[in-house]
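The values are calculated or read from the model by the stated rules, or taken from the named source; none is laboratory data. Computed from a prediction, not measured in an experiment: that's the story for all the values here. FYI the Cβ positions are ideal-geometry reconstructions off the backbone, even for glycines, and counts take in every protein chain you see.
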Amino acid sequence: MRVFTYIIPLYYYLEVAEYSNLAEMSTIVDLDLIENNDDIKSYFYNRLMALLGASAFSQNKMTQARFYCSYGINLKNIDRLVAYSCLTMGNTYILDDYERAKEYFLKGLNHTDNNHLAELQLTRSLCFLENHWRKENFWLNPDSEETTDIQEIAHYHIKRNNLDYAKEILDYLEEIPSIDNDYGIHFYLKGLAYKDKRYFYKSIKHFKLSGDLFCVRLPLDQLREMGEDAQILDLLAL
């Protein structure tokens, strides 16, 4: 089935944070190719809405992302899609509205029975949320060897001004090959730890390479606070 072969790669691009490819591929899925079977069409439509929400989020199109996510959140008896829709919806608020973001993440966790991956992604978003807003963080995973989890340990210590320890963690991570999106977070954290604008520009580079136009806000916001030229930063946000 052609629709199936178009949708499956979207999950891969989402998993490896290749958001440019996710956005491009999501535009060519045509559910009208499914004829005479409303159940199958509904099955793919539900999943496509969740993927379109994630794609719009990565492109920093918050209105679109929230529209697509609201569909998935209101589904009945499809916990997997509710969980992922809550994940993306919460992420759209993660930098601007602590309470609303946390509400969606916790709601998503209530729909993660037998879905370890969704549970992991939601707890990681909660971990970033608590660190970003300097809240008590019960979601840290100090036993993990995954880059994302180790980065949040560094993030936690940066926010508490334990900069020497955070720098040690970041130096360790720099020796580990990573994808562009992880490098984007890595250099953002280095910028925070060293208060060095050069790292924020490196962060922008890697977020742009991954196609993540939402997370690029992180280094851009820091550069604005440091007094960098607003017109140049606006261009980098595109």
Any idea which of (1) hydroxyl-bearing (Ser, Thr, Tyr); (2) in contact with a Gly (Cβ under 8 Å, 6 or more places away or on another chain); (3) modelled with pLDDT of 95 or more is the one Thr92 doesn't satisfy?
-> (2)
Glu152 vs. criteria more than 19 Å from Asn91 (Cα to Cα) and either within 14 Å of the chain's Cα centre (by Cα) or not hydrophobic (A, V, I, L, M, F, W, C) (or both) = no
So which residues in segment 94-103 are surrounded by fewer than 23 Cβ atoms within 10 Å (Cβ to Cβ) and out of contact with any His (no Cβ under 9 Å at 6 or more places or on another chain)?
-> Asp96, Asp97, Glu99, Arg100, Lys102, Glu103
Inside segment 223-238, the number of residues satisfying the requirement of being surrounded by fewer than 18 Cβ atoms within 10 Å (Cβ to Cβ) and either under 23 Å from Asn131 (Cα atoms) or hydroxyl-bearing (Ser, Thr, Tyr) (or both) is 3
Here, helices (runs of 4 or more DSSP H) confined to segment 126-236 with at least 3 residues that are touching a residue at least 60 places away in the same chain (Cβ under 8 Å) and farther than 24 Å from Leu106 by Cβ are 180-194
Hey, any hits in segment 52-62 for a residue that's closer than 24 Å to His116 by Cβ, under 16 Å from the mean Cα position of the chain (by Cα), modelled with pLDDT of 60 or more and charged (D, E, K, R)?
-> no
Out of all the residues in segment 160-180, is one or more surrounded by fewer than 21 Cβ atoms within 10 Å (Cβ to Cβ), among the basic types (Lys, Arg) and on the phi > 0 side of the Ramachandran plot?
-> no
Within segment 188-222, work out how many residues are over 21 Å from the mean Cα position of the chain (by Cα), surrounded by 14 or more Cβ atoms within 10 Å (Cβ to Cβ) and not aromatic (Phe, Trp, Tyr).
-> 3
State all residues of segment 77-93 that are closer than 19 Å to Ser58 by Cβ, surrounded by fewer than 24 Cβ atoms within 10 Å (Cβ to Cβ) and either free of Cβ contacts under 8 Å to residues at least 12 places away in the same chain or touching a Ser or Thr at 6+ places or on another chain (Cβ under 9 Å) (or both); if no residue qualifies, say none.
-> Tyr93
